[in-house]
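Enquirer: This structure is in structure tokens; I'll ask about it shortly.
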Amino acid sequence: MREHHLREHHLREHHLREHPRIAIDGPAGVGKSTIGERVARRLACLYVDTGAFYRALTGLALRQGINVDDAAALATLAEHADIRIIPPTVSDGRQYTVLVDGADITADLRTPAVEAAVSRVSAAPAVRVALIAQMRRMADDHTVVMVGRDIGTVVLPDADLKIYLMTSIEERARRRHGDLVAQLGAASPPFEAVHDDIARRDATDQAQMRPAPDAIMLHNDHLEPEQTVEHILRYLRERLERSGKVLASEDQREVPR
Ligand code: DC
């Protein structure tokens with residue numbers, strides 16, 4: 001009910017809004033964050049990784065000793081915590097800084113404890129409603145490239161461009177295994193274990209994974225990240241031209257960070 005109300009309100013607001021929005025969705029390991037961050041940089045706009053909202057809330061719940069299966073307590077927390085994503089404030093390789101009630105919690109987003117609990121937290125419907133409201137507020141205030149699982153379908157159903165990124169499991173496993181070998185050398189898990197891990201993760205995320213009917217399906221098995229970025233910028237240019245808008249910030253390439 002509440003979700004419906006939020007959505008209706010959001011659609012009415014659309015006509016007043018001047019900030020174009022790009023939605024990039026897809027399963028784990030298809031390169032959403034690399035691509036999303038680069039597209040945002042090219043457009044001089046804000047990159048919003050929505051997984052960071054669920055991770056930030058999970059970290060906060062763990063710190064406050066809240067049981068991550070207590071959906072009501074989590075929802076209350078989500079309604080009261082002010083979660084914001086801003087451009088990186090520290091040059092430590094991060095793609096963005098996450099503030100919770102003004103405090104920088106970016107370093108906590110990928111701890112093993114958060115990693116283990118975040119999918120349970122993100123499965124609670126009331127948590128999703130509260131965090132999606134915060135995501136939409138960010139998209140109302142800024143031009144965003146928003147990346148996640150349900151951006152084109154639920155969070156920003158009126159996005160100016162919706163991309164659904166896809167990579168075969170084999171290619172995702174090859175890329176991930178390559179990263180692990182580069183990091184860990186001989187201590188890296190074998191290819192088969194990496195492959196099975198990705199297949200398991202796909203199955204867990206299945207509930208949220210629905211491409212929007214008007215999303216452009218972009219298979220990137222045979223594309224370098226930069227080629228995928230170029231495709232997305234071309235689609236955006238075409239979309240905006242068709243609706244009589246221009247891509248104002250496209251000439252501000254290589255935005256200083
Ligand atoms: O993309 P990620 O690994 O940072 O996502 C963290 C968790 O949040 C993962 O369990 C999927 C979930 N998630 C979601 O349900 N909806 C989104 N829009 C983004 C992430």
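Enquirer: Which residue fluctuates the most in the chain, going by a Gaussian network model with Cα springs under 10 Å, if the choices are LYS245, LYS162, LYS32?
Expert: LYS245
Enquirer: Let me ask another. Per residue, how many Å² of accessible area does the chain show with a 1.4 Å probe? Display every interim value, and only then the final one.
Expert: On the way: 13120 Å² over 257 residues.
Here the residues of the chain average 51 Å² of exposed surface.
Enquirer: Same structure, new question: Once phi is turned into ³J(HN,Hα) by the Karplus curve 6.51 cos²θ - 1.76 cosθ + 1.60 with θ = phi - 60°, what whole-Hz value does each residue of the stretch 153-169 show in order, with x for glycine and proline?
Expert: Using θ = phi - 60°, the values come out as 8, 10, 6, 10, x, 9, 4, 5, 8, 10, 10, 10, 8, 9, 9, 4, 4 Hz.
Enquirer: For a quick check, take a GNM of the chain with Cα springs below 10 Å and name the residue from VAL144, VAL68, VAL181 with the largest mean-square fluctuation.
Expert: Sorting by GNM fluctuation, first place goes to VAL181.
Enquirer: Right, here's the next one. Which percent of the accessible heavy-atom area of the stretch 119-257 goes to carbon and sulfur, probe 1.4 angstrom?
Expert: Working: 3970 of 7420 Å².
Exposed carbon and sulfur together represent 54 percent of the surface.
Enquirer: When DSSP assigns beta bridges and you keep just the ones with both residues in the chain, what percent turn out antiparallel, to the nearest 5?
Expert: Values: 6 of 23 bridges.
Restricted to the chain, the bridges split so that about 25 percent are antiparallel.
Enquirer: Just subtract the alpha-carbon distance of ALA107 and ARG94 from 0.36 nm times their residue separation and send over the number in nm, one decimal. Please list the in-between numbers first.
Expert: Numbers: separation 13, 0.36 × 13 = 4.68 nm, distance 0.91 nm.
Extra length from ALA107 to ARG94 when fully extended: 3.8 nm.
Enquirer: If you don't mind, another one. What is the gain in length, in nm to one decimal, between ILE216 and ALA44 on full extension, counting 0.36 nm per residue of separation less the C-alpha to C-alpha distance? All intermediate terms of the calculation are to be shown ahead of the outcome.
Expert: Details: separation 172, 0.36 × 172 = 61.92 nm, distance 2.23 nm.
Here the answer is 59.7 nm.
Enquirer: Can you work out ³J(HN,Hα) from phi for every residue in the stretch 115-128, in order, using Karplus 6.51 cos²θ - 1.76 cosθ + 1.60 and θ = phi - 60°, giving whole Hz and x for Gly and Pro?
Expert: Result, rounded to whole Hz: 3, 6, 9, 5, 5, 5, 4, 6, 7, 6, x, 5, 5, 4.
The values are calculated or read from the model by the stated rules, or taken from the named source; none is laboratory data. Predicted model, so just to flag it, every value in this text is computed and none were measured. Just the protein is used for accessible areas: all its heavy atoms, side chains included, with ligands, DNA and RNA removed. Shrake-Rupley method; radii C 1.70, N 1.55, O 1.52, S 1.80 Å.
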